[in-house]
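Let me begin by presenting the structure, written as structure tokens, before commenting on it.
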């Protein structure tokens, strides 16, 4: 792997850092807001007809929480890369990740071409 330097300007990196911080804060707020609902789902006593609906709601809430936790981890990883001066380059090849990709997905770890090959 040949590591290249990012082609991002200091302004680009700062703008993307702010977007990542905003996303992280939104994920934390969503988690805090859903906590009472998650607790309520686990505590509800219901009639048999409602049991299946509760299970479906609980499963959906758990899947969303798992997705949010994974996304939170990706956002934190991207912020750590900014702090380390390694943001904006592919973790696979070391090639610069285009600004357009990072604007769409600021926590991207690879170029679009590399990501598509992984699928």
Among 112, 79, 71, 105, the single one that is without any contact (Cβ under 8 Å) to a residue 24 or more places away in the chain, within 18 Å of the chain's Cα centre (by Cα) and closer than 22 Å to residue 18 by Cβ is 105
Which condition number does residue 32 fail, the rest of (1) within 22 Å of residue 112 (Cα to Cα); (2) out of contact with any helix residue (DSSP H, G or I) (no Cβ under 6 Å at 6 or more places or on another chain); (3) at pLDDT 80 or above being met?
-> (1)
State which residue is surrounded by the fewest Cβ atoms within 10 Å (Cβ to Cβ) when the search covers only the range 5-27 and only residues that are more than 24 Å from residue 93 (Cα to Cα) and free of Cβ contacts under 8 Å to residues at least 40 places away in the same chain.
-> 11
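The values are calculated or read from the model by the stated rules, or taken from the named source; none is laboratory data. Just so it is clear, the model here is predicted, and its values are computed rather than measured. All Cβ positions, even for glycine, are placed from backbone atoms using ideal geometry, and neighbour counts span all protein chains on display.
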